[in-house]
Amino acid sequence: MRAVIYARISTDMQTETSLNEQTLRATQHAESKGYEIVAEFRDVGTGTKTDRPGFQEMMERIDEWDIVIAYKLDRYHRSSTNALSWAAELNKIGKNFVAMDIDVDTSTAMGMAIFKIITALNQMEVEVTRERTIMGIQGVKNEGRWVGKPPYGYDSKFAASKNDKDKGFLIINPEEADIVKFIFDSNGSDKTNSDIVNDLISNSVLTRTGKRNWASATIAGILDNRMFYEGNYFNSSNEIQDYSWGSIL
């Protein structure tokens with residue numbers, strides 16, 4: 001069976017020995033199985049992306065080999081979804097892979113079954129972590145605090161005070177607040193988002209990032225957030241509450 005070896009390190013801060021050690025162990029595995037090693041491929045970079053030069057070349061030369069060997073499963077892909085998709089792609093064309101760290105060899109039925117179980121468990125862990133993160137964010141919002149970058153018109157209180165107790169709380173940015181009021185007043189005068197954009201540009205009003213050109217989508221986002229700018233939010237009981245930092249409108 002024709003075999004190729006794949007080795008990868010995450011960053012160039014790691015030593016070349018890491019690649020050499022991976023290659024050595026994969027070579028020993030191939031020799032123990034009686035495989036003919038026809039090529040070696042290496043990469044330096046994250047496993048969450050598939051546009052790695054070594055990996056791409058390996059796949060482009062797929063007709064030259066039957067099985068690829070790596071010391072660890074995450075050398076191929078860090079994403080369980082990508083790994084499972086890649087394994088299915090190989091299986092369709094009669095190619096296989098080995099991950100020595102978990103003793104997976106998809107050239108055997110048992111090896112493929114073990115791989116599917118492992119990737120399913122990994123994906124479940126990712127989904128559970130995502131679910132917990134979403135629940136945590138929602139919990140913070142239900143407490144009347146803000147998550148993420150402050151909306152236009154407000155600044156982060158924590159950024160100004162550096163006090164952990166101020167995390168999630170905002171303070172009004174007076175200059176931006178005047179622009180927010182202008183946008184809502186203009187909208188109340190039946191002006192379109194494009195009209196408002198043109199007015200802002202003609203009055204040399206800069207965006208938060210210091211640019212002259214405003215986008216209609218930015219205006220729409222502000223207008224769609226009226227309840228927030230009025231200082232209100234819904235808590236976990238779906239009751240309207242007031243933010244502690246005051247309203248612009």
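Among what's in the stretch 180-218 and is under 34 Å from the mean Cα position of the chain (by Cα) and hydroxyl-bearing (Ser, Thr, Tyr), pick the residue that is nearest to LEU249 (Cα to Cα).
THR218
Keeping to the stretch 86-97, report how many residues are surrounded by fewer than 16 Cβ atoms within 10 Å (Cβ to Cβ) and assigned to a helix (DSSP H, G or I).
Matching residues across the stretch 86-97 total 4.
For the stretch 43-85, how many residues are at pLDDT 85 or above and not in a helix (DSSP H, G or I)?
13
Residues of the stretch 160-179 being closer than 14 Å to VAL205 by Cβ and within 31 Å of the chain's Cα centre (by Cα), which ones?
Residues satisfying the conditions are ASN173, GLU176.
Could you check the stretch 109-124 and list, in sequence order, the residues that are under 19 Å from ILE5 (Cβ atoms) and more than 25 Å from the chain's Cα centre (by Cα)?
The answer is GLY111, and nothing else.
Given the condition closer than 22 Å to ARG2 by Cβ and small (Gly, Ala, Ser), answer yes or no: does some residue in the stretch 51-68 qualify?
Yes; the residues of the stretch 51-68 include at least one that is closer than 22 Å to ARG2 by Cβ and small (Gly, Ala, Ser).
Examine the stretch 32-42 for a residue that is in the same structural domain as LYS116 (by TED's automatic domain parsing), farther than 24 Å from ALA109 by Cβ, in contact with a Gly (Cβ under 8 Å, 6 or more places away or on another chain) and outside any helix (DSSP H, G or I), and state whether such a residue exists.
Yes - at least one qualifying residue is present in the stretch 32-42.
Sort out for me the helices (runs of 4 or more DSSP H) sitting completely within the stretch 188-234 that have 2 or more residues that are among the aromatic types (Phe, Trp, Tyr) and either free of Cβ contacts under 8 Å to residues at least 60 places away in the same chain or surrounded by 15 or more Cβ atoms within 10 Å (Cβ to Cβ) (or both).
226-229
Quick grid of which residues meet (1) in contact with a helix residue (DSSP H, G or I) (Cβ under 7 Å, 6 or more places away or on another chain); (2) more than 26 Å from TRP146 (Cβ to Cβ); (3) modelled with pLDDT under 95; (4) among the basic types (Lys, Arg):
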residue	(1), (2), (3), (4)
LYS165	no, no, yes, yes
GLY168	yes, no, yes, no
SER189	no, yes, yes, no
SER202	no, yes, yes, no
VAL205	yes, no, yes, no
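The values are calculated or read from the model by the stated rules, or taken from the named source; none is laboratory data. A quick note: this is a predicted structure, and the numbers were derived from the prediction, not measured. Here the Cβ is made from the backbone with ideal geometry for all residues, glycine too, and neighbour counts use every protein chain on show.
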